[in-house]
Structure formats: C-alpha cells, structure tokens
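The values are calculated or read from the model by the stated rules, or taken from the named source; none is laboratory data. The structure presented is a predicted model; accordingly, all values stated were derived computationally and were not measured. Heads up, the Cβs are rebuilt from the backbone with ideal geometry, glycines too, and the neighbour counts pull from every protein chain shown.
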Amino acid sequence: MKSHYQAIFFLISSSNNVKKLPLQSKVYVVGTKRRNRNNGKRRAQFAPWILERGYDYFLDGHVTKIEKGDDGYTATVSGSEDYSVEIYYSSSPFDDEFYMDCSCPYAESGSNCKHMAALLYAIEVSEDNTNIVYENEQSISEKEKSTRVLEETIESLSHEVVKGELFKILREDENLRAGFLVRYYRDESSIKDYINSMKNAAWKIRHECSDHHGFVDWRNASTYTSRLINEVLSNLLDLVSDEIDEMQTVFDVSLFVLDLFATTDIDDDGDTQVITGACIELWERIVTDNMNEEFGKYMFDELSKFCDKIGLGEYISEEIDDFISDNFNNGHFIIYE
C-alpha cells in the first residue's frame with residue numbers, strides 16, 4: 001500500500017510547482033567553506049529550485065538540533081540521511097557574505113545545497129524573533145496540517161479506491177502520466193515519453209509568456225524564466241541517480257531548455273544568468289553522481305556543440321566553457337580526490 005501513498009503524493013507535488021518563497025526577495029551570495037573545484041574562489045547564488053526545496057525542508061521540520069554559537073549556527077538537516085550543516089558569519093547571519101558547509105555529497109562538490117537553504121530559513125525565523133524550529137518543538141504549519149489530513153484520508157481508503165483514483169488522474173493528464181511512469185515503470189518507452197512531455201511543457205511555457213510575435217517582454221521575462229526552472233528543471237532532480245539512462249535524460253532535457261531560452265526573443269534583465277546558473281547547478285549534480293567515461297564524452301561533445309551554436313563571447317557560452325574547464329580534460333571527466 002505504501003507505493004500507492006507515494007504515488008498520490010507525487011501527483012500532488014507535481015501539480016503545484018510554483019511557490020512563493022520568502023527568501024526570493026533577498027539574494028544570498030555565499031562563499032562555500034569547503035574548497036571546491038575552483039580552489040574555493042567560486043562564489044555562487046542559490047539556484048531558485050534549490051531555495052524551493054530548502055524551504056520545503058524547513059516547513060516540513062527537517063531542520064533539527066539547531067545550535068547558535070558566537071560566529072554562526074550548526075544544525076542537523078535530514079534528507080536521505082542526516083546531514084550536518086554549518087553557517088558562519090562575521091557579525092550577522094545576513095552579512096553580505098557568509099560561509100557555509102554541509103556533509104551531503106552535493107555540497108562536497110562545492111555547490112550550495114538545499115540543506116544549507118533550509119537552515120537559512122530557520123535562521124531568518126530566529127533572527128526575526130519568531131518561533132524557531134527546534135527539535136520536538138516545531139509548531140505545525142498550515143502545509144503540515146494539510147499534508148497530515150491528506151495522508152490520513154489516503155490511509156483510510158481501501159487499496160482498490162486509491163488505485164482507482166490514481167488511474168483516473170493519470171489517464172486524464174499526459175504530463176503526470178509520463179512523470180509517474182518514469183518513476184515507477186522505467187523503460188525506454190517511458191523515458192522517451194517523459195522527455196517529450198518535459199519538452200512540450202517548456203514549449204507551452206514559452207507560448208504562454210510570449211506575444212503573437214514570439215517576443216517575451218519585460219513584464220513576462222521573470223515569469224518565463226521561473227516557470228522553466230520550477231516546472232521543468234526542478235522536476236528533473238527526481239531523476240538524478242547513478243543510472244546512465246536517467247543521467248542522459250536529465251542532461252538532454254536541461255540542455256533543450258537552455259537552448260529554447262537562448263533562442264527566445266526576450267527583454268532580458270538578468271534572466272540569462274538565472275537560467276544558465278540553474279542548468280549548470282543541475283549538471284554539477286550529474287557530475288557529482290556519475291563519472292561514467294562514455295557518458296562524460298557524450299556530455300562534453302554536446303556542450304561543445306551547443307557552445308559553437310550559441311557563439312563565442314556570449315554569456316551562456318562563457319559559463320558553459322567554465323563548466324567544461326572545471327570538469328573535463330580532453331573530453332574526459334576530471335577525477336578529484
């Protein structure tokens with residue numbers, strides 16, 4: 001019965017991708033304490049989908065054992081396992097620059113992870129003199145109440161009722177069906193259908209955000225970028241694993257999204273940096289989880305061809321070139337000890 005519960009929750013989370021995040025009004029620029037592939041010099045912003053997942057972790061009570069010291073905070077953030085997170089600053093947690101560390105594999109590569117973001121939300125609540133989320137002392141949020149009611153309702157239903165409702169929903173929604181099958185019945189056909197559904201979703205977003213000439217004006221530019229990230233790129237995170245087929249699917253769809261954006265006539269106000277950063281964060285996750293030589297060669301060749309298509313000197317090309325330099329040597333993955 002557990003798999004049916006997971007399936008229902010997947011449907012609910014998939015149908016509500018766009019969230020308003022308190023931290024989106026504040027841009028946290030951080031330097032990771034751990035030395036990364038750029039020798040600790042790289043500075044990065046949180047990708048929007050990383051903030052979104054961190055916010056969910058905070059709301060769902062994954063941040064526990066928070067301790068405040070003279071120069072920062074430490075906490076345990078639970079995910080697939082418990083991770084230790086540390087945030088240090090000079091005088092205030094909202095200084096222009098602060099230093100962070102997490103024991104998760106994603107942070108090991110030098111990236112800013114959802115566990116760090118989750119602790120930042122907890123710190124923000126603490127500094128605002130609101131009820132901070134301590135272990136076993138969390139107040140129940142509206143989201144938690146809603147989730148609990150939903151879970152209890154599903155628990156009360158029979159196996160056949162849950163199966164019937166699930167079938168009805170999936171039969172009527174092509175994108176949900178493709179996402180469901182690629183998670184629970186993964187084969188060549190379901191992966192192909194999922195890729196097509198994500199590409200169609202991206203095209204639909206561009207159509208809805210542009211005028212009849214295909215131009216995305218300043219009023220819709222940020223919406224266009226955010227929807228591509230939240231409704232397409234963030235969904236790809238669930239496929240990141242050590243399986244080559246999944247990795248290629250994630251990479252191909254993300255490169256398609258970046259290509260779609262690059263060929264969009266848009267009144268750009270920093271949106272190119274945001275979408276490029278989100279794609280590169282995703283590729284860094286891929287590189288962290290997979291060092292297969294054949295896939296590495298495929299990834300290198302596709303990125304090189306994409307840069308040639310975009311043209312030298314363009315922002316996207318320069319960022320991809322930096323990513324290639326950091327992770328590849330003559331078309332092969334660089335292995336960092």
Q | Unmet requirement for Met299, which otherwise passes all of (1) surrounded by fewer than 21 Cβ atoms within 10 Å (Cβ to Cβ); (2) modelled with pLDDT under 95; (3) farther than 23 Å from Arg53 by Cα | A | (1)
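Given the criteria small (Gly, Ala, Ser) and more than 16 Å from Ser254 (Cα to Cα), does Gly179 qualify?
Answer is no for this residue.
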Q) Restricted to segment 234-251, and to residues that are farther than 24 Å from Asp56 by Cα and surrounded by 18 or more Cβ atoms within 10 Å (Cβ to Cβ), which residue is modelled with the highest pLDDT? A) Phe251
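Take the residues in segment 224-258 that are among the polar types (S, T, N, Q) and out of contact with any helix residue (DSSP H, G or I) (no Cβ under 6 Å at 6 or more places or on another chain), then tell me which one is farthest from Ala178 (Cα to Cα).
Keep residues of segment 224-258 that are among the polar types (S, T, N, Q), which gives 225-226, 230, 234-235, 241, 248-249, 254.
From the residues that got through so far, the ones that are out of contact with any helix residue (DSSP H, G or I) (no Cβ under 6 Å at 6 or more places or on another chain) too are 226, 230, 235, 241, 248.
Numbers: Ser226: 22, Asn230: 17, Asn235: 12, Ser241: 18, Gln248: 17 Å.
Only one residue fits best here, namely Ser226.
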Q: Report yes if Tyr194 is in the same structural domain as Glu281 (by TED's automatic domain parsing) and touching a Gly at 6+ places or on another chain (Cβ under 8 Å), otherwise no.
A: yes
Q: Find the residue count for segment 196-222, including only residues that are assigned to a helix (DSSP H, G or I) and surrounded by 15 or more Cβ atoms within 10 Å (Cβ to Cβ).
A: 11
